[in-house]
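The block underneath contains the structure these notes are about, expressed in structure tokens.
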Amino acid sequence: MKRTVVPFGPQHPVLPEPLVLDLILEDEKVLDAIPTIGYIHRGLEMMVERVEYTEMGFVVERICGICSFMHGMGYCVSLETIMNIEIPERAAWLRLIWAEISRIQSHLLWLGLGADAFGFENLFMHCWRMREQILDIFEKTTGGRIIHSVNRIGGVKRDMSDTELAAILVQLQDLGKQFKKTANVFGTDPSIAHRLGGVGVLSMEDARAVDCVGPMARASGIATDTRLIGANYYDRIELEPVVETAGDCLARVVVRMREIDQSIDIIRQAIDKMPKGEGMPLETKPRGNPMGEVFTRLEQPRGEVLYYVKANGTKNLERFRARTPTFANIPAMIKLVKGCELADVPNIILTIDPCISCTER
Amino acid sequence: MANPLRLPMVPRALRNLVSKPATRRYPYEIRPRFEGARGTIEFDVDTCNYCMLCMRRCPAAAITVSREDRIWAIEHLTCIGCNVCVEVCAKKSLTMSKESKPVHTHAEVGPHGERPGHEEWHKEETQAAEPAVQAAPAVGGASPV
Ligand code: SF4
Ligand code: SF4
């Protein structure tokens, strides 16, 4: 049969970002997919050589608009490890809380985009209505809705008062209740089950073979979660990775929905356990210039992110590299797209939660 | 397999018929920004001693200070609102207002040579010499603020 090559992206109705795939089709079946990345490459690795290390945090935050908090945090944690800075306890807890709030934000955003991609515009609006409340929390507590700029090397810049924290918890738990109703739609609607169930199945062995990370791996039954390594105070939190075994698109949706509940619970535990009081130290000022190199791992909403930072004792870092979760999940995506129907390609691509800005930096 | 007769969105849809809309009628209704939101940098020319610290620490190089000429200038379009200058200023000359000023993005130069988003203060005067942000005419749609 004759083969056709269909370009998918960089502009496609389901894609929020410029991912490019050349789909090689035989009839409606996808035989192969060739990804191209680099449409929004911004040259961060070159930039780090002329931007001072204290200022680079603001650049790193802007790698991605969805995990901007976690990127900023990852950069600061890396530099703190190199410079042997112990950050104040309350600052670490605040970071953890913000990180979990941004996870909820990211998952709600993705659920909305996913719903939009499989033609459920109504659901998209409901997810984004809930996400709006999270953005308001961010604006109240950090001063920015998307770019928060609260992470500094050595701590955080803003505090949340204990009453504010309690109010946030109440708001989040209320949001959790609202979300249950929406989650019910995802879980029980027959058209969603039909569109996503059994589509794009990634078995556990395959997921291991292509080194999936994050919700993608957890949906295939691999209990991996970088938070379990216990860094950044996650060791003080009781945490079970959310695992589903089906490995299809629906399982990936379910994992992210359950993670929203999990994050709300983590925030509750954190607020319980953090030291209370006003005017606690939030920052340890860094002294001198960093010297050394480090790998930092964090669990972002999309999976494990890896930062490599090498400093040479000057004001500029020698090397900074972020391996983002989407980059790690692209091989899995290619694997899933091969052999599926053309109409399922958008769903499969979206369920890996691609963040192309992150990937291309 | 889900039950094909279940229509989980129906109660929600019925409730939406009678409930208030979740959105606001922007730009007629504007939600005030929260306390502590980061908007626009404001400068107090009277207290500044031209130490140039803000200029050196600004990650976006949005601030230009000239100690000899006693000029303090900011490019609002370059500013990324990171708050660093406010934190480093020992004289507390800088504040972050919670409202974002409308900043014009057209490339026109104003009648007195002012650029969009550029504001400049000279020590002799107590007010902005060239309040370019307000002076530049609004282009492209009514500005809500
Ligand atoms: S840091 Fe403050 S006092 Fe110094 S030049 Fe800037 S605004 Fe003026
Ligand atoms: S807020 Fe940040 S970017 Fe803006 S002028 Fe101040 S230091 Fe520069």
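The values are calculated or read from the model by the stated rules, or taken from the named source; none is laboratory data. Predicted model only: the values in this text are computed from it and were never measured. Cβ placement follows ideal geometry from the backbone for every residue including glycine, while neighbour counts extend to all protein chains displayed.
Laid out as a table, the results:
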{"item": "Of all residues in region B:35-47 being within 13 Å of ligand 1 (Cβ to nearest atom) and surrounded by fewer than 20 Cβ atoms within 10 Å (Cβ to Cβ), the one that is farthest from B:GLU120 (Cα to Cα)", "result": "B:THR47"}
{"item": "Total residues in region B:55-71, condition more than 9 Å from ligand 2 (Cβ to nearest atom) and closer than 15 Å to A:THR54 by Cβ", "result": "1"}
{"item": "A:VAL77 in contact (Cβ under 8 Å) with a residue 40 or more places away in the chain, β-branched (Val, Ile, Thr), within 14 Å of chain B (Cβ to nearest Cβ) and in contact with a strand residue (DSSP E or B) (Cβ under 8 Å, 6 or more places away or on another chain)", "result": "no"}
{"item": "Number of the exception - A:LEU123 against (1) under 13 Å from A:LEU94 (Cβ atoms); (2) within 11 Å of another protein chain (Cβ to nearest Cβ); (3) buried (at least 22 other Cβ atoms within 10 Å of the Cβ)", "result": "(1)"}
{"item": "Residue match in region A:308-330 (condition: part of a strand (DSSP E or B), small (Gly, Ala, Ser) and surrounded by fewer than 17 Cβ atoms within 10 Å (Cβ to Cβ))", "result": "no"}
{"item": "Residue count for region A:145-159, restricted to those that are out of contact with any Cys (no Cβ under 7 Å at 6 or more places or on another chain) and within 16 Å of A:ILE97 (Cβ to Cβ)", "result": "7"}
{"item": "Some residue of region B:2-25 being away from ligand 2 (no atom under 16 Å from the Cβ), within 28 Å of A:GLU52 (Cα to Cα) and surrounded by fewer than 18 Cβ atoms within 10 Å (Cβ to Cβ)", "result": "no"}
{"item": "Pairs with Cβ under 7 Å, 6+ apart, first in region B:72-90 and under 23 Å from A:LYS157 (Cα atoms) and within 14 Å of another protein chain (Cβ to nearest Cβ), second in a helix (DSSP H, G or I) and of a type in the set (A, V, I, L, M, F, W, C)", "result": "B:ILE80/A:PHE58; B:CYS82/A:PHE58; B:CYS85/B:CYS54; B:VAL88/B:LEU53; B:VAL88/B:CYS54"}
{"item": "Qualifying residue in region A:168-181 (condition: surrounded by 16 or more Cβ atoms within 10 Å (Cβ to Cβ), facing chain B (nearest Cβ under 10 Å) and either in a helix (DSSP H, G or I) or out of contact with any strand residue (DSSP E or B) (no Cβ under 8 Å at 6 or more places or on another chain) (or both))", "result": "no"}
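Yes/no matrix, rows are residues, columns are (1) at pLDDT below 85; (2) more than 16 Å from ligand 2 (Cβ to nearest atom):
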residue	(1), (2)
B:LEU53	no, no
B:ALA73	no, no
B:HIS76	yes, no
B:ASN83	no, no
B:VAL88	no, no
B:ALA107	yes, yes
B:HIS112	yes, yes
